[in-house]
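Report on the following structure.
The values are calculated or read from the model by the stated rules, or taken from the named source; none is laboratory data. Note that the structure is a prediction, hence the values are computed from the model and not measured. Every residue, glycine among them, receives a Cβ derived from its backbone with ideal geometry; neighbour counts consider all protein chains shown.
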């Protein structure tokens, strides 16, 4: 079972813990590991990373941070009578990497957590919300198609002079106005059909294709155990890393290695899962 | 007054939850503003979703809200003449005005969620959901007494909505690049985004002036014809 085929609940447990941990820490080792894991998962699962764009973002944050924060001992140079320090620059780099890591996790979430999963999640929170959500999803392409049709027919009728910007704007406004009448009138008909089929009944149940399997239980338990270990590490002084006034990382002990190992396993779970799946697939083909 | 009371519960709930998260952040003395602000934005949506679940009952109202969401998402694609020049905020405000606070919040927040499915999700989605939701909710609350019927107040409200949207998204930018909130940095971001903010204000006002009369008439007609959102 691929990572994206897990039950939505397992995915939510995973993403909430990963994103929360990535946002909480400023320890460069953990930040870099999280960034690396997010990048690998994106490359493997989403088939793309737009890494250039995000490197520019990291660069921009690293450069701007020393301009605003003048803490730190090691002065690199003075700019407009302001101290530009090495510590502030390092802090900028780490926070930039952390932000991009978080954005990557959100990208992966967007790729893995498809519309039907989101609908399942909303439906658990509030059934009516999920109905609105799924109907709006269907209406968006419909509305866009109708808008195009109305626009084309208005264009042919030549009701507006489209050579000027004002004429174009008026045309679009006119199309939009017609679109609203059409959409709402049609929607009311849909609503009445829904009503006659028992939408307003209290004991209505929601359709869901997702089944909670044995692997999901294993996955959630594994994630929760690793969450606990990682939280222990993050709250202990072992993790503390100071940027100001000078960069200090004193509390390194051999036990840190164990915690970091667990942290890596937790963050690499999508990659580990999918690679083992691919290998198993290959292996079973060659056997036949 | 009875009508307003229905919504006071969710407002109080949001105030208490936000207060608790601020106290928690002070008590924990950590610098994780990013996580806490994200949580706060998410939490502040929850009471309104519950209120929507309880207040909106009929299928006609549910479907009409879905259509308004689809229209404001599609509005982002239909108006492509000038970038950032979008009718989304104006539509959210008009929905809130005519269909009430619950519909306003729902339209605002789900428009953010759904249109980001095309434009890319990120931590900003949660903030946009909260801000657009509040803009719609506020329009609904103000119009319970018919305050937004006054053209001047309406224009003022849409201008303020543009300013608030821009300012809150700047807070997000400040916190996201650095876990600590630095006032100078925030002010510089505000300064940077001033042209975009101006564009928001102008587009909100223009779309409000152009769209409010025809759309308002239509929504009012639908309301009386089908007896929804009374």
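Among the residues of the stretch A:63-92, those identified as within 21 Å of residue A:23 (Cβ to Cβ) and surrounded by 20 or more Cβ atoms within 10 Å (Cβ to Cβ) are A:65, A:69, A:88, A:91, A:92.
If we scan the stretch A:106-128, do we find a residue that is farther than 30 Å from residue A:38 by Cα, part of a helix (DSSP H, G or I) and either touching a strand residue (DSSP E or B) at 6+ places or on another chain (Cβ under 8 Å) or within 10 Å of another protein chain (Cβ to nearest Cβ) (or both)? Taking every residue of the stretch A:106-128 in turn, at least one turns out to be farther than 30 Å from residue A:38 by Cα, part of a helix (DSSP H, G or I) and either touching a strand residue (DSSP E or B) at 6+ places or on another chain (Cβ under 8 Å) or within 10 Å of another protein chain (Cβ to nearest Cβ) (or both).
Residues checked against (1) within 25 Å of residue B:122 (Cα to Cα); (2) more than 22 Å from the chain's Cα centre (by Cα); (3) at pLDDT 85 or above; (4) within 9 Å of chain B (Cβ to nearest Cβ):
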position	(1), (2), (3), (4)
A:136	yes, no, yes, yes
A:153	no, yes, yes, no
A:158	no, yes, no, no
A:185	no, yes, yes, yes
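For the stretch A:169-177, check the following and say yes or no: at least one residue is surrounded by 15 or more Cβ atoms within 10 Å (Cβ to Cβ) and in contact (Cβ under 8 Å) with a residue 24 or more places away in the chain. Checking the stretch A:169-177: at least one residue is surrounded by 15 or more Cβ atoms within 10 Å (Cβ to Cβ) and in contact (Cβ under 8 Å) with a residue 24 or more places away in the chain.
Looking only at the stretch A:73-92, which residues are farther than 25 Å from residue B:120 by Cβ and within 14 Å of chain B (Cβ to nearest Cβ)?
Across the stretch A:73-92, the qualifying residues are A:80, A:82, A:87, A:88, A:89, A:90, A:91.
Hey, any hits in the stretch A:142-151 for a residue that's within 35 Å of the chain's Cα centre (by Cα), crowded, with 19+ Cβ neighbours inside 10 Å and either part of a helix (DSSP H, G or I) or at pLDDT 85 or above (or both)? Yes, the conditions are met somewhere in the stretch A:142-151.
What about residue A:95, is it at the interface with chain B (Cβ under 10 Å from one of its Cβ atoms), closer than 30 Å to residue A:58 by Cα and either modelled with pLDDT of 90 or more or not in a loop (DSSP other than H, G, I, E, B) (or both)? For residue A:95, the condition - at the interface with chain B (Cβ under 10 Å from one of its Cβ atoms), closer than 30 Å to residue A:58 by Cα and either modelled with pLDDT of 90 or more or not in a loop (DSSP other than H, G, I, E, B) (or both) - is met. In the stretch A:200-225, the qualifying residues are those that are in a loop (DSSP other than H, G, I, E, B) and free of Cβ contacts under 8 Å to residues at least 60 places away in the same chain, and the one that is nearest to the other protein chains (Cβ to nearest Cβ) is A:200. Taking first residues from the stretch A:55-78 that are assigned to a strand (DSSP E or B) and partners that are surrounded by 14 or more Cβ atoms within 10 Å (Cβ to Cβ) and at pLDDT below 85, the Cβ contacts under 6 Å between residues at least 6 apart in sequence or on separate chains come to A:75/A:83; A:75/A:85; A:76/A:84; A:76/A:86; A:77/A:84. In summary, residue B:164 fulfils each of the numbered conditions (1) surrounded by fewer than 18 Cβ atoms within 10 Å (Cβ to Cβ); (2) farther than 18 Å from residue B:199 by Cα; (3) in contact (Cβ under 8 Å) with a residue 12 or more places away in the chain with the single exception of condition (2).
Provide a single number: the residues in the stretch A:79-91 that are assigned to a helix (DSSP H, G or I) and over 16 Å from residue A:25 (Cβ atoms).
4
Among the residues of the stretch A:244-288, those that are within 30 Å of residue A:84 (Cβ to Cβ), loosely packed, with under 14 Cβ neighbours inside 10 Å and touching a helix residue (DSSP H, G or I) at 6+ places or on another chain (Cβ under 8 Å) comprise A:245, A:246, A:251, A:252. Among the residues in the stretch B:78-88, are any under 26 Å from residue A:124 (Cα atoms), modelled with pLDDT of 85 or more and buried (at least 22 other Cβ atoms within 10 Å of the Cβ)? Scanning the stretch B:78-88, I find no residue that is under 26 Å from residue A:124 (Cα atoms), modelled with pLDDT of 85 or more and buried (at least 22 other Cβ atoms within 10 Å of the Cβ), so the answer is no.
Per this entry, residue B:42 is not counted among residues that are buried (at least 18 other Cβ atoms within 10 Å of the Cβ), modelled with pLDDT of 80 or more and closer than 28 Å to residue A:131 by Cα.
Among all residues of the stretch A:32-49, there is at least one that is touching a helix residue (DSSP H, G or I) at 6+ places or on another chain (Cβ under 8 Å) and under 18 Å from residue A:247 (Cβ atoms).
Selection of the stretch B:1-20 for residues being over 20 Å from the mean Cα position of the chain (by Cα) and at pLDDT below 75 yields B:1, B:2, B:3, B:5.
More than 11 Å from every other protein chain (Cβ to nearest Cβ), at negative phi and without any contact (Cβ under 8 Å) to a residue 24 or more places away in the chain, is that true of residue A:267? It is false that residue A:267 is more than 11 Å from every other protein chain (Cβ to nearest Cβ), at negative phi and without any contact (Cβ under 8 Å) to a residue 24 or more places away in the chain. Only a single criterion out of (1) closer than 30 Å to residue A:102 by Cβ; (2) in a helix (DSSP H, G or I); (3) at pLDDT below 80 is not satisfied by residue B:52, namely (3). In the stretch B:216-227, the residues that are more than 9 Å from every other protein chain (Cβ to nearest Cβ) reach residues that are modelled with pLDDT of 90 or more with C-beta atoms within less than 7 angstrom, at least six apart or across chains, in these pairs: B:216/B:94; B:216/B:98; B:220/B:98; B:223/B:98.
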